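Shown next, in structure tokens, is the structure this report addresses.
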Amino acid sequence: MSPFVTLLLRDIRLAARSGGSAVLALSFFALVATLVPLGVGADLHLLARVAGGILWVAAVLAALLSLDRLFQGDFEDGSLDVIALSPLPLELTALAKITAHWLSTGLPLTLLSPLLALLFNLPPQPTLILFVSLLIGTPAVSAVGAIGASLTLSLKRGGLILPLIILPLLAPAVIFGAGAVSLALDRLGAASALGLLAAFAFAAVLLSPFAAAASVRLNLGG
Amino acid sequence: MNFLFRYANPHEFMRLSGAVLPFTAAATLLCLAVGLYLGFSVPPDYQQGTTIALLFIHVPADVVAELAYGAIAVCSLLSLVWRHPLADTAARAAAPFGALFTALGLVTGSLWGKPMWGTYWVWDARLTSFLLLLFLYLGYMALWNAIEDETRAARAAAILALVGVVNIPIIKFSVDWWSTLHQGESIVSGKVAPVYLWPLLIMMLGYVLLFLTLWMVRIRTAILERRARNLMQAN
């Protein structure tokens, strides 16, 4: 088995066994979606209107919950030093961790979203667009988040500063993702928004490993 | 490049900036005084009335807000590629001014918006991207403050600044896209009459000089602070 796959499987196993970050993220996602109607009222027209934006913001925040541990755990117990010594380049290490994070949070969030969209009275066609946009867009959340996680990995309270760093950088993902759902609601073509979202996600997944690897390196004192 | 590195030496920088500082400070005062005088004595605009005066405080603030990020980005690149400590000091010193001028631009913009748009805040593309720019500055400064080891903090901040540079055009594009999707307010555009243009240009020059002056003072303070700390540790 290649080192990349080994690392990927290890991280997924760790995520599943240590408290189940997927379960936590899903519960958080569902809870935010439950609180919003309590806050803005149960008007089904209004809820359908805001569903895309609310679910996108909630998904980004839910994915953030487990991001600060992306490198931190391995940094604290020293395994990150060992991983850095392995033949796998740090860029690919970062990519493996991003993929593992997406598989254990972004993907489950995407799978849950149609159910929550149902609670928000979102029609079937926009629901499909929401599902597709989350499927395309959440990898960007994990990728950009990995930059923040690697920059703050040595900090005791990195979890507080991480959102401040990466949420402004994620604005395009929320804009295009929620925008696609709005376009679908207005019966306009959502392809433009999905295309832009895909471009953003592609660039993020391609470039973030380099930034993340650079900041892991500086934190290891290399 | 050689020229740059000669003056990037802290000692040389102290000497040069000490000599230049009185002149930039005087030029700043002159530009701001003349600009403000001209700005407040222009005839009222036929549409905006006397609120046109805010233009001369607002637009230059936005210019400097973006200029400061550019300065941070260039310093970060110099720091990452050539590992120059003065570049780190300069980048760190520029951030609070960037945040301050961004905030000034947002506040004066919303004060102008109240009589013109009838509300302090509209989710106009430009306002929104400047609000995001303010958060980028705050995150950058927070990262600097959070990491105790200074060289590590400098390099982490430099990486973040460069990531921001790649992202800022994308954020701007996406916010513009979003704003047209939502049928945002149309931005008052058109040619600026010469009566208004001259005070505006003088104010812009004044703001840029103000930024450069304050930036130099902050870098000098940081260098002196480090020297003082080193002396304390040596004893």
Q. So, of the residues in region B:146-182 that are at the interface with chain A (Cβ under 8 Å from one of its Cβ atoms) and of a type in the set (Lys, Arg), which turns out to be farthest from the chain's Cα centre (by Cα)?
A. B:Arg152
Q: Given the conditions (1) hydrophobic (A, V, I, L, M, F, W, C); (2) within 7 Å of chain B (Cβ to nearest Cβ); (3) free of Cβ contacts under 8 Å to residues at least 40 places away in the same chain, report the number of the one that A:Ala211 does not fulfil.
A: (3)
Q: Identify the single condition in (1) away from chain B (no Cβ under 14 Å); (2) of a type outside the set (Gly, Ala, Ser); (3) assigned to a helix (DSSP H, G or I) that A:Phe71 does not satisfy, given that it satisfies every other one.
A: (1)
Q: Being more than 9 Å from every other protein chain (Cβ to nearest Cβ), over 21 Å from the mean Cα position of the chain (by Cα), surrounded by fewer than 19 Cβ atoms within 10 Å (Cβ to Cβ) and among the small types (Gly, Ala, Ser) is the filter here, so list the residues in region A:167-203 that pass it.
A: A:Gly189, A:Ala191
Q: Return the only residue of B:Trp117, B:Trp112 being in contact with a Ser or Thr (Cβ under 7 Å, 6 or more places away or on another chain), away from chain A (no Cβ under 12 Å) and either among the aromatic types (Phe, Trp, Tyr) or buried (at least 20 other Cβ atoms within 10 Å of the Cβ) (or both).
A: B:Trp112
(Q) Just the residues that are at the interface with chain B (Cβ under 9 Å from one of its Cβ atoms) and either part of a helix (DSSP H, G or I) or without any contact (Cβ under 8 Å) to a residue 24 or more places away in the chain (or both), please, taken from region A:149-162. (A) A:Ser150, A:Leu151, A:Leu155, A:Arg157, A:Gly158, A:Leu160, A:Ile161
(Q) Looking at (1) more than 10 Å from every other protein chain (Cβ to nearest Cβ); (2) under 22 Å from A:Ala84 (Cβ atoms); (3) among the hydrophobic types (A, V, I, L, M, F, W, C); (4) surrounded by 23 or more Cβ atoms within 10 Å (Cβ to Cβ), which one does A:Leu206 not meet, given that it meets all the others? (A) (4)
Q: For region A:165-202, enumerate the residues that are within 17 Å of A:Gly106 (Cβ to Cβ) and either in contact with a His (Cβ under 8 Å, 6 or more places away or on another chain) or free of Cβ contacts under 8 Å to residues at least 60 places away in the same chain (or both).
A: A:Leu169, A:Pro172, A:Phe176, A:Phe202
Q) Does A:Gly137 qualify as being more than 9 Å from chain B (Cβ to nearest Cβ) and either surrounded by fewer than 24 Cβ atoms within 10 Å (Cβ to Cβ) or over 25 Å from A:Leu111 (Cβ atoms) (or both)? A) no
Q) Going by the conditions given, is B:Ser189 modelled with pLDDT under 90, more than 8 Å from every other protein chain (Cβ to nearest Cβ) and under 25 Å from A:Ala180 (Cα atoms)? A) no
Q.
Taking the condition of being farther than 26 Å from B:Met203 by Cβ and of a type in the set (Ser, Thr, Tyr), how many residues in region B:47-101 meet it?
A. 3
Q. Can you find even one residue in region A:17-30 that is surrounded by 14 or more Cβ atoms within 10 Å (Cβ to Cβ), closer than 23 Å to A:Ala204 by Cβ, at pLDDT below 90 and not hydrophobic (A, V, I, L, M, F, W, C)?
A. yes
Q | Options B:Leu127, B:Leu133: the member that is surrounded by 18 or more Cβ atoms within 10 Å (Cβ to Cβ) and within 23 Å of A:Leu160 (Cβ to Cβ) | A | B:Leu133
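The values are calculated or read from the model by the stated rules, or taken from the named source; none is laboratory data. Just so it is clear, the structure is predicted and the values come from calculations on it, not from any experiment. Neighbour counts run over all protein chains shown; Cβ positions are idealised from the backbone, glycine included.
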